[in-house]
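*Asks:* Pasting a structure below so you can have a look.
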Amino acid sequence: YSTFQGDYKWKKHDLTYRIENYTPDMSEAEVDDSIKRALQVWADVTPLRFTRIYSGTADIMISFSVRDHGDGYPFDGPNGFLAHAFPPFEGIGGDAHFDDDEKFLYRSPHGYNLFLVAAHEFGHSLGLEHSQDPGALMYPTYVYRDIDTFVLPKDDVDGIQYLYGPNSDGTGPKPPPPVTPNKCDPKLVLDAVTMLRGEIMFFKGSFFWRSYPLSRNVEQHLIKSFWPQIPNHIDAAFESTFEDKVFIIKGEKVWALYGYDVVRGYPKSLSMFRLPKKVKKVDAVLYDETSYKILFFVNNKIYSYNEEQRRIEKGYPKPVEEVFPGMTGKVTAAFQFKGFNYLFSGSKMFEFGAYNRKLLRVLNNNYFLPC
Amino acid sequence: YTSPIAPPADKDKESIAVNYLTQLYGLPKQTNSDAEKRSSAMSLRLKEMQQFFKLKVTGKLDEETLDLMKKPRCGVPDVAA
């Protein structure tokens, strides 16, 4: 998180706000409720309290406008900049302006959710700048989040409590604020790993890292900032070079990516890989380019699917340890890279030869995910 | 949804970048005719933006950087707001 340089914070905890006008995109009641809940996000974790007034000048003046609206920061039409707000100081300080060339919506994931945009802008109105944490509400780019389950991320809680301290009622936010996974965490256990046209993708919770092998550059993103349809906390992922698709699996559902685009017609059922009906969840999937076989790890067993013949191979399922001698722990993720198979178990990564399946090394999780 | 919006046909990449960096990274309005100065000012702000978003810091307007510039966002500057 970061705060505005200088002492930009309110010297009082009881603040007023006024909604000066409305957008035609939603009913006035929906705007009122979105604004009220967006302020409550910050009140829940600080001593700040917000009271609405209907005339005169409030600490936080809220308005909808387009293009040049007299503050020296003109809006830019649909998309692009959605809104802006000013840090706490006299006059325009604290005010929040929303670009009415945008389509603001009350609940739908399409368009821009006014509650989410307003909650972000009110972070500025209270003294927060943009955060570099891709999971933070104060991250500069808009990401749709499920507003029914929205909980202010820990990075934002830390930032606002740095300015104003915790909620004086002593009741912390329930449920606990989500923490953005840290690739330097030695106890990091990954949900899934896959290649994607030469990049390596590491999935954890609501996030994924994309890394370019041999480069120290690693980006972290919210899954939903790229693919709103793809669920968080996935079980497994793999790239089929045969189909030039990445398959993402959660529970009994399968989604597909073609490059960075979600393929229409998905999700499909796990039965597309001819797995027995009793298989309700897979732990990891390894795509073996040397044989066009897809290995599904289900608890301590492996099912091998022959992609060309579209059937599960005879003699499977087999115990994991029979296929990968020395792999005793539960496998949570797997991928093949440059002639080696990498199986993730706990915070360790086990390297096997792709042809002889001999265990060669036990490495740390972040061997490919530089800290 | 929030995936990068289709590139506006009538805006070239350069003007998208200049507008973005001027509004959000303090790129001085392009008054000086000195092309050399302008491009170094642009490269410096590009590096700041790439640094902020943890992209590869190249100072060049590569695809990743341009994609990010097209994403809907807040209009408050990212640095030295």
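Residue-wise test of (1) touching a residue at least 12 places away in the same chain (Cβ under 8 Å); (2) within 12 Å of chain B (Cβ to nearest Cβ); (3) under 17 Å from A:Pro181 (Cα atoms); (4) not in a helix (DSSP H, G or I).
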{"residue": "A:Leu116", "(1), (2), (3), (4)": "yes, yes, no, no"}
{"residue": "A:Ser131", "(1), (2), (3), (4)": "yes, yes, yes, yes"}
{"residue": "A:Val157", "(1), (2), (3), (4)": "yes, no, yes, no"}
{"residue": "A:Ile160", "(1), (2), (3), (4)": "yes, no, no, no"}
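*Asks:* Specify the residue that is nearest to B:Ile16 (Cα to Cα); the eligible residues are those in the stretch B:45-71 that are away from every other protein chain (no Cβ under 11 Å) and among the aliphatic types (A, V, I, L, M).
*Replies:* The selected residue is B:Leu66.
*Asks:* For the stretch A:1-11, enumerate the residues that are at negative phi and exposed (fewer than 11 other Cβ atoms within 10 Å of the Cβ).
*Replies:* Listed by number, the residues that qualify are A:Gln5, A:Lys11.
*Asks:* Looking at the stretch A:78-114, which of the residues that are in a loop (DSSP other than H, G, I, E, B) and under 21 Å from B:Asn19 (Cβ atoms) is farthest from the other protein chains (Cβ to nearest Cβ)?
*Replies:* A:Asp100
*Asks:* Out of the stretch A:4-42, which residues are over 27 Å from the mean Cα position of the chain (by Cα) and outside any loop (DSSP other than H, G, I, E, B)?
*Replies:* A:Asp14, A:Leu15, A:Thr16, A:Tyr17, A:Arg18, A:Ile19, A:Glu28, A:Ala29, A:Asp32, listed by residue number.
*Asks:* Oh, and also: Quick one: count up the residues across the stretch A:330-345 that are surrounded by fewer than 14 Cβ atoms within 10 Å (Cβ to Cβ) and either in contact with a helix residue (DSSP H, G or I) (Cβ under 6 Å, 6 or more places away or on another chain) or of a type outside the set (D, E, K, R) (or both).
*Replies:* Result for the stretch A:330-345: 1.
*Asks:* Still on this structure, I have one more. Residue check: is A:Ile248 of a type outside the set (Lys, Arg), closer than 25 Å to A:Ser345 by Cβ and within 12 Å of chain B (Cβ to nearest Cβ)?
*Replies:* no
*Asks:* Check A:Pro228 against each of (1) within 14 Å of chain B (Cβ to nearest Cβ); (2) buried (at least 20 other Cβ atoms within 10 Å of the Cβ) and name the one condition it does not meet.
*Replies:* (2)
*Asks:* Taking A:Val45 as meeting all but one of (1) touching a Gly at 6+ places or on another chain (Cβ under 9 Å); (2) surrounded by fewer than 17 Cβ atoms within 10 Å (Cβ to Cβ), write down the number of the exception.
*Replies:* The number of the failed condition is (2).
*Asks:* Restricting to the stretch A:55-79, name every residue that is in contact (Cβ under 8 Å) with a residue 12 or more places away in the chain and on the phi > 0 side of the Ramachandran plot.
*Replies:* A:Gly56, A:Arg67, A:Gly77, A:Asn79
*Asks:* Confirm whether A:Phe50 is closer than 16 Å to A:His124 by Cβ, more than 13 Å from chain B (Cβ to nearest Cβ), within 30 Å of the chain's Cα centre (by Cα) and touching a residue at least 24 places away in the same chain (Cβ under 8 Å).
*Replies:* yes
Every read-out reported here was derived from the displayed coordinates using simple, explicitly stated rules and does not represent laboratory data. Since the model is a prediction, treat every value here as computed from it, not as a measurement. Neighbour counts run over all protein chains shown; Cβ positions are idealised from the backbone, glycine included.
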